[in-house]
Amino acid sequence: MTELVTLSIDGKQVTVPKGTLVVDAAKQAGIDIPVFCYHPKMEPAGMCRMCLVELGRPMIDRATGQPVLENGQPKIQWAPKLETACTNVVSDGMVVLTRSEKARAGQQEILEFLLTSHPLDCPVCDKGGECPLQNLTLDYGPGKSRFLYNEKHHAEKHVPLGELIWLDRERCIQCGRCVRFQRLVAGEPVLAFDERGRDTEIITNSEPAFDSIFSGNTTDICPVGALTTADFRFGARPWELKSAASLCAQCPVGCNITFNTRREAKSGGRVVIKRVMPRQNEEVNEIWICDKGRFAYHFTESEARLRQPLIRRNGQLQPASWEEALDLAAAKLKAAGKDALILAGGRLSNEDLFNLKKLADGLGAQSVLYTHVGGGDLVTQIGLASGTNLADLGKGDTILVAACDLYEEAPIWWLRVKQAADRGATLIVVNARATRLDKHAGYVVRYAPGDETVTLQGLLKQDKIGAAIREAGNLLVFYAADGLDLNGSTSVAAACANLLIETGHFGRPNNGLIGVWPHANDQGAWEIGFRPEADLAAALKGKTVYIAAADPAGDDPRLAKALQDAGTVIVQELFQTATASLAEVVLPAAAYTEREGTFTSGERRVQRYYPAVPRWAETKADYVITAEIGQRLGLDLEAGAPALVFNRLTAEITAFAGLSYRKLAEVRPQWPIVGRADLYYGGTTYENKQGLGVHLAAAASAGESPHLPEVRKGSGPRPQEDALLAVPVTKLYDLGVTVRSSVLLEARIGLPAITIHPLTAEKMGLKAGEKAMIGLGGHENEVLVKLDETIPAGVALVPRSMGLPVSAPAPLSVGKAK
């Protein structure tokens, strides 16, 4: 049981766990103590002194060890000077005065000192309207300043800290929140203080500048307008914005976000998204989001979006009415019947996928998930149970990360796994190459390409690692397809599942298997019944193919050729992708920001998102398009509100039983307390009032015995002595349809590149940064050369979704560019 401490704050009796800081105890009691440097997600620094309060403690008799009584009550010994509430821990009988004359005088003096070096530019400052310094000055500051304007300190006002974040050094109050966030939370200490005294300033010490994928969070916790994002800077005022609760659609974590929108003249009178902000969900993303989730939303408003249906006439795609396009699509699918193939991408919502699956079942057609990561059927059996929270993991628990680069594939999971390791959890990283998670791991296991399954099967035989897995209080296993194809990742998933089953770590909170999928709702597709096809190219040939939210032709020339050889191609998409260009019918879909729906995260948590902006004319939600095709085929598919589709889904799919939009919208108290009323404490993160989501019930949690999967015997593809082996890896910023529209991210996306060992490059006469010509799968591409001495000499890392024809480990030829 947690030991409790009782104290008095401003005359109010407060009981909190032992070890609680005074500032947090006051917050829990509904009493606000002003802060600048303190943040509840970081260790206290006591730098700004804004939280000065009077502290009194019971006087203790040294002889008896008991409190000295005065009139029957403990005699309070007051500290001679004001103390900081953010560095003092509560104790029994403590008395705290936050609003006394002495405390108010100290708080006022701190604000007066801060304002001597702060510019008077509130009317043009982006932080105006949500600025802690502005608000606290009104509440605690002096009515007028005793200092002269010409004595104010002046500094640089437009300093780019990289391409995403700008610094106004004149506004900075040196609270250190940004520096400490990057060091303590993100684990990327790329910001620092420079100079001394009044000349102290924030600098970036990395190359490239501010080299962090969590940089945007510093603008949320900055208590002044010193740090701003490049896309929102001078874009709007906070009080002009409306907010819509949503989910990030970039990866399987399911980060809770808020879209801030407004109607503006420069956008033709349309309501547009002005910025993306974190929305608190302590079991998912806490109060953080990565930069990809913050800046890649621009695809939803791209001028390149499809705006009307297209039909191929005389060899050319030409505009058509919805009636024409839907009639033709339905006719083609009806003629194909069971020879049709429905190919779905993980960008679709649960409602979209359900209607697609019902259409496929009605036709007797195959329903295929477009993904390079397998094993989702195992996750449905032994995935995470209700009550799981990575923040609960610490000493005595174990986390295994296999064939996965969490930093590039799911940044917030990387962040939370790193934090669990910081709390004492045993972290085991098993991969063929080094990743950023290695330095936080207790054990790093390397395998040669092709030996991934054998290595995982042998973990329990290694004394220390085996003990860490067997004896773990809780065991979480993340897996993906780093350097692998669908078959390889399926085998890895099976080996990981066996570890969990053999050691009994499933069917309860904080235990189970997590697939690190390439898209936001791949897990939802697995739950609804979609399965990937081992040889998709062969499966596509000669079929009538209905493709939604996937671009196989743009990813792989083999799949492009297969689609060219298909009977008919029907594409439902946001953009005129390479796949859409091969289609006979193109159906323009609405972006997820323009509608509501649900995603199922990799943790099997179903969460709800809401519309942020109006739907573009002549586009329709994916589930509506599918329903209208189905209705033409005599199928009863719901085309009304997505909640009605979800109701049908929950009635038919056991794992979703008992869920509803109302249940998904339920919330409960969270710590730390954040909100727009007290921005100085938690930052500008939005309070979650629209739903925390619900875990699906894994089969093992319901008492079903999990099926022990058969693990592939033997090894996978290996490097040959005289040839490089190209292995596919995932890059956070790529040329996927949901990323490439963001101009801000162009520098981070960069040019196509391969990574090889320095010795390999030396043999080939290549140097870092040079251009080379590669041959892969019968195609030649020009790429940049990068060097990494941690990868095997016979291997070349080739990024997915960068225009290079890589979908599986394959022989690679490399030569100098012409």
From G376, G345, G396, G383, which residue is in contact (Cβ under 8 Å) with a residue 24 or more places away in the chain, surrounded by fewer than 24 Cβ atoms within 10 Å (Cβ to Cβ) and not hydroxyl-bearing (S, T, Y)?
-> G396
May I ask you to list the residues in region 29-47 that are under 23 Å from F181 (Cβ atoms) and open to solvent by 20 Å² or more (accessible area, probe 1.4 Å)?
-> D32, P40, K41, E43, P44, A45, M47
Strands (runs of 3 or more DSSP E) lying entirely in region 532-640 (those with 2 or more residues that are open to solvent by 10 Å² or more (accessible area, probe 1.4 Å) and assigned by TED's automatic domain parsing to the domain that holds P799) = none
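Listed here are the residues, each with its yes/no results for (1) more than 22 Å from C251 (Cα to Cα); (2) among the charged types (D, E, K, R); (3) in contact with a strand residue (DSSP E or B) (Cβ under 6 Å, 6 or more places away or on another chain).
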position	(1), (2), (3)
T380	no, no, no
L390	no, no, no
D397	yes, yes, no
C404	no, no, yes
T426	yes, no, yes
N431	no, no, no
Selection from region 251-291 of residues open to solvent by less than 20 Å² (accessible area, probe 1.4 Å), not hydrophobic (A, V, I, L, M, F, W, C) and not in a strand (DSSP E or B) yields P252, G254, E264, Q280, N285, D291
Which is open to solvent by 10 Å² or more (accessible area, probe 1.4 Å), of a type outside the set (F, W, Y) and touching a residue at least 12 places away in the same chain (Cβ under 8 Å), of R676, R662?
-> R676
Contacts under 7 angstrom Cβ, first residue in region 720-742 being over 21 Å from K786 (Cα atoms) and modelled with pLDDT of 90 or more, partner assigned to a strand (DSSP E or B) and open to solvent by less than 40 Å² (accessible area, probe 1.4 Å), 6 or more apart | V737/F575
Inside region 422-440, the number of residues satisfying the requirement of being open to solvent by less than 20 Å² (accessible area, probe 1.4 Å) and within 19 Å of G512 (Cα to Cα) is 5
Scanning region 641-659 for residues that are β-branched (V, I, T) and buried (at least 17 other Cβ atoms within 10 Å of the Cβ) gives V645, T650, I653
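Listed here are the residues, each with its yes/no results for (1) out of contact with any Leu (no Cβ under 8 Å at 6 or more places or on another chain); (2) assigned to a helix (DSSP H, G or I); (3) outside the structural domain of L460 (by TED's automatic domain parsing).
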{"position": "K395", "(1), (2), (3)": "yes, no, no"}
{"position": "L400", "(1), (2), (3)": "no, no, no"}
{"position": "C404", "(1), (2), (3)": "yes, no, no"}
{"position": "E408", "(1), (2), (3)": "no, yes, no"}
{"position": "L415", "(1), (2), (3)": "yes, yes, no"}
{"position": "K418", "(1), (2), (3)": "no, yes, no"}
{"position": "A421", "(1), (2), (3)": "no, yes, no"}
{"position": "V430", "(1), (2), (3)": "no, no, no"}
If you scan region 151-179, which residues turn out to be under 28 Å from R104 (Cα atoms) and either open to solvent by 90 Å² or more (accessible area, probe 1.4 Å) or among the aromatic types (F, W, Y) (or both)?
-> E151
Count, please, the residues in region 441-461 that happen to be open to solvent by 40 Å² or more (accessible area, probe 1.4 Å) and touching a residue at least 12 places away in the same chain (Cβ under 8 Å).
-> 7
Here are some residues: K786, K763. Which one is part of a helix (DSSP H, G or I), among the basic types (K, R) and open to solvent by 60 Å² or more (accessible area, probe 1.4 Å)?
-> K763
Residues in region 322-342 that are over 38 Å from the mean Cα position of the chain (by Cα) and under 22 Å from Q576 (Cβ atoms) total 5
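The values are calculated or read from the model by the stated rules, or taken from the named source; none is laboratory data. Values in this document were obtained by computation on a predicted structure and should not be read as measured data. Note that each Cβ is placed from the backbone with ideal geometry, even for glycine, and that neighbours are counted across all protein chains shown. Quick note on the areas: whole protein, heavy atoms, side chains included, nothing else; ligands and nucleic acids left out. Shrake-Rupley method; radii C 1.70, N 1.55, O 1.52, S 1.80 Å.
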